[in-house]
Amino acid sequence: MRVITANVNGIRACARRGGLQWLADQEADVLCLQEVRATDAQLQRALEQAGLGDWHVAHTEAADKGRAGVAVISRERPQRVQVGVGPEEFSTSGRWVEVDHQTPAGLVTVVSTYVHTGEAETPRQLEKYRFLDAITERLSAWSGAGSLAVVTGDLNVCHREDDLKNWKGNLSKAGFLPGERAYFDRWFEYGDWVDTHRELHGPGPGPYTWWSWRGKAFDNDAGWRIDYQIASRPLAKLATAATVGRAAAYDQRWSDHAAVTVDYDL
């Protein structure tokens, strides 16, 4: 099963830049998209234009139009679809959708999620922590059941110094705060979850998955690794390869993020 996660930075803009066609050409079984920023009809139209019109779509929009929105798009019809995670405040945020797929290895749950950026010492950062709490609770439930599950998406947190170029300059900024990174410690080091990309790639620095549109960040590879595929240990054992789809040049980018691909031998 090939799973690709990508923050498309707006599905219609992504399609205009050739990104949706790039995704369609990667021979994936499941595409997990974040920041879709579209209605169901707009997403379906974009998929049809890229030759993905017959794929099965699980999509949740945000109540705030033009913001967030996540989707899981798959060749096979999912057994189950769930939108939202945690408390009611996140029910219309367009940040979480999960599906179950039957595979030869058993039932596999695939999640597409978008964790917002946050801002240090503000209510927005406290909201980010509450969402990370909700994710932690969901991960714990899967761990207890021994599930095959993978949470993919733009988590807007770098775990280690190897995960961003200018880590010294970002120690007090959202995305690299000690409180945020502690969640990843809990999941990876003290929990039952694996950062499959890092596990398969080995130590960094990088490879990064996000670069600012501004300045020379992309050309200088001054990036952040904030896009993940976090797999339960039983599923992580089946992961065989991970790659980052970094554009060959600045003018070939179709998002400020790069897609993360992981192959699972099911």
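The mean sequence distance of close C-alpha pairs (under 8 Å, at least 6 residues apart), as a share of the length of the range 183-266, puts its relative contact order at 33 percent. Placing unit charges on the Cβ atoms only, positive for Lys and Arg and negative for Asp and Glu, gives the range 1-146 a dipole magnitude near 340 debye about its Cα centre.
Length available on full extension from residue 167 to residue 214: 0.36 nm per residue minus the Cα-Cα distance, which gives 15.1 nm. I need the shape label for the range 16-142. Rule: rounded when a/c is under 1.5, else prolate if a/b > b/c, else oblate, with a, b, c from the alpha carbon gyration tensor. Verdict is oblate for the range 16-142.
Computed over neighbours whose Cβ is under 10 Å from that of residue 205, the net charge equals -1, Lys and Arg +1, Asp and Glu -1. Separation of the range 31-57 and the range 139-168, taken as the distance between their Cα centroids, equals 25 angstrom.
If you model the range 1-83 as an ellipsoid using its alpha carbon gyration tensor, with each semi-axis the square root of five times an eigenvalue, the axes come out at 17, 16, 11 Å, biggest first. Per the Cα gyration tensor, the range 198-265 maps to an equivalent ellipsoid with semi-axes of 26, 11, 9 Å, ordered largest to smallest. Remark: the residue 89-residue 16 segment gains 23.0 nm on full extension, using 0.36 nm per residue and subtracting the alpha carbon distance. Of the GluC sites (Glu not before Pro) in the range 51-108, the ones in a loop by DSSP (not H, G, I, E or B) with at most 15 other beta carbons within 10 Å are 76.
Accessible surface for the range 124-180, divided over its residues, is 41 Å² per residue with a 1.4 Å probe.
Rolling a 1.4 Å probe across the protein heavy atoms gives the range 7-111 an accessible surface of 45 Å² per residue.
Given +1 at the Cβ of Lys and Arg, -1 at the Cβ of Asp and Glu and no other charges, the dipole of the range 130-266 around its Cα centre is 280 debye to the nearest 20.
Across the chain the C-alpha pair distances fall into 5 Å bins from zero in the proportions 1, 6, 14, 19, 21, 18, 13, 6, 1, 0 percent. Here the dipole of the range 36-111 is about 160 debye; that uses its Cα centre as origin and unit charges on the Cβ of Lys and Arg (positive) and Asp and Glu (negative). Taking the convex hull of the alpha carbon positions in the range 77-160 and averaging its projected area over all directions gives 6.6 nm².
The values are calculated or read from the model by the stated rules, or taken from the named source; none is laboratory data. Please read these numbers as outputs of a predicted model, since none were measured by experiment. Positions of Cβ are generated from backbone atoms using ideal geometry, with glycine treated the same way; all protein chains shown enter the neighbour counts. Just the protein is used for accessible areas: all its heavy atoms, side chains included, with ligands, DNA and RNA removed. Shrake-Rupley method; radii C 1.70, N 1.55, O 1.52, S 1.80 Å.
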